[in-house]
Amino acid sequence: MRDDSIRPLRGLRTLCALALLAVPMAHGQMPTGVEQLDIIVFGASGRVGSRIATEALTRGHRVTGVSRNPERLTETHDRYTKIQGDVMNPASIVELVTGHDAIVSAIGGNNPDSDDPADSYPARAGLALVDALSELGAAAPRLIAVGGGSTTLESSPGVRIVDETDVPTGSRGARILGHRIVLDALRNVTEFPWTFASPALTMSPGERTGIFRIGGSVVIRDDEGESRISMEDFAVALVDELEDPQHIGRQMTVAY
């Protein structure tokens, strides 16, 4: 069962349903009948990408981890393949992703050579993926792109949080704004299936509880007004979405 934090209120029945959906739900169990997936993870050496790879392996899927520096891929498993790849190169992407069921892009890092969001690693990688998968069309694997919540989530429908807050300057600001460029590009994509996954506003290493809420484009906050999720539970939510797609062609968010 899944919940959605942005369903419109329509009378008492919807109010009651929304009250129930506001309760964090248990996640992290593979649905009955789900087949083993071949998943390729770009950014698999990063803090988020590595956890997504581990979660997928734990559930019985096959994972290919891609990194510019494969020696940084520390996961060891008989269903885990480590390869070197350039996610900034559409031609390279086509070759790498062919034969996979799904792609996870968890590219981060600051580009020290530019403060332009369009030159950020997330934007360059995301747009290269869009170009490559659009070329593949119906043969393209499904894409789940991970992007920062602070620049991609809304405080209320149609009002982006980033428009109400100060964005850091320099390459760090460019990186987080780069995620928004990718989301805006994906919203115009119809050639292949995609999902844009935004974590809560605060995400850090922590515990895998399997208890959290799923929403759309509007930020989810707890009773204290905090928006947070552990990297481990964010990984659970992404693999849930891979196994049981609920957000094809749209944004999703994860928070306690």
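The values are calculated or read from the model by the stated rules, or taken from the named source; none is laboratory data. Computed from a predicted model, the values in this text were never measured in an experiment. Here the Cβ is made from the backbone with ideal geometry for all residues, glycine too, and neighbour counts use every protein chain on show. Side chains included, ligands, DNA and RNA excluded: accessible areas come from the protein's heavy atoms. Shrake-Rupley method; radii C 1.70, N 1.55, O 1.52, S 1.80 Å.
Rounded to whole Hz and in sequence order, give me ³J(HN,Hα) for the range 184-198 from the Karplus expression 6.51 cos²θ - 1.76 cosθ + 1.60, θ = phi - 60°, writing x for Gly and Pro.
With the stated coefficients, the range 184-198 comes to 4, 5, 5, 5, 9, 8, 10, 6, 8, x, 9, 9, 10, 9, 9 Hz.
Counting only DSSP beta bridges with both residues in the chain, tell me the antiparallel percent, nearest 5.
Bridges in the chain that DSSP calls antiparallel: roughly 20 percent.
Taking the Cα centre of the chain as origin, work out the dipole magnitude from +1 charges on Lys and Arg Cβ and -1 charges on Asp and Glu Cβ, in debye rounded to 20.
320 debye
Sort the range 103-161 into rounded, prolate or oblate with this rule: let a ≥ b ≥ c be the square roots of the eigenvalues of the Cα gyration tensor; rounded if a/c is under 1.5, and if a/c is not under 1.5, prolate when a/b is larger than b/c, oblate otherwise.
In terms of gyration-tensor shape, oblate.
Computed FRET efficiency, Cβ-Cβ of V34 and T209, R0 30 Å: what is it to the nearest 0.05?
With a Förster radius of 30 Å, E is 0.90.
Hey, got the dipole for the range 83-165? About the Cα centre, +1 on K and R Cβ, -1 on D and E Cβ, debye to the nearest 20?
Taking the Cα centre of the range 83-165 as origin, the dipole is about 300 debye.
Cα gyration tensor of the range 113-256, axes a ≥ b ≥ c as square roots of the eigenvalues: rounded (a/c below 1.5), prolate (a/b > b/c) or oblate?
oblate
Determine the relative contact order of the range 143-256: mean sequence separation of Cα pairs under 8 Å and six or more apart, normalised by residue count, in whole percent.
33 percent.
Any chance you could list the semi-axes, whole Å, largest first, of the equivalent ellipsoid that the Cα gyration tensor gives for the range 64-113, using √(5λ)?
They are 19, 16, 9 Å, listed largest first.
Say each of T58 and D131 gets a label point 7 Å from the Cα, pointing the same way as Cα to Cβ; how far apart are those two points in nm?
3.7 nm
Suppose each label sits 7 Å from its Cα in the direction of the beta carbon; what would the A26-V189 distance come out to in nanometres?
3.4 nm
Output wanted: per-residue J couplings in Hz (rounded whole) for the range 77-82, from phi through Karplus 6.51 cos²θ - 1.76 cosθ + 1.60, θ = phi - 60°, x for Gly and Pro.
With coefficients 6.51, -1.76 and 1.60, one gets 6, 6, 9, 10, 10, 9 Hz.
Find the centroid of the Cα atoms in the range 55-85 and in the range 187-205, then give the distance between the two in whole Å.
So the separation of the two Cα centres works out to 21 Å.
Kindly report the accessible area of the range 100-155 per residue (heavy atoms of protein chains, probe 1.4 Å, no ligands, DNA or RNA), in Å².
That works out to 34 Å² for each residue.
May I ask you to derive the FRET efficiency for M88 and D223 from their Cβ-Cβ distance with R0 = 45 Å, giving the value to the nearest 0.05?
0.60
List the longest stretch of the chain that has no exposed loop site; here a site is one of the GluC sites (Glu not before Pro) assigned by DSSP to anything other than H, G, I, E or B, with at most 11 other Cβ within 10 Å.
36-206
Could you calculate the FRET efficiency of D113 with Q246 from 1/(1 + (r/R0)^6), where r is the beta carbon distance between them and R0 is 45 Å, rounded to 0.05?
The calculated FRET efficiency here is 0.70.
With a 1.4 Å probe and every protein chain kept in, tell me what percent of the accessible surface of the chain is carbon plus sulfur.
For the chain, the apolar C and S fraction of the accessible surface comes to 49 percent.
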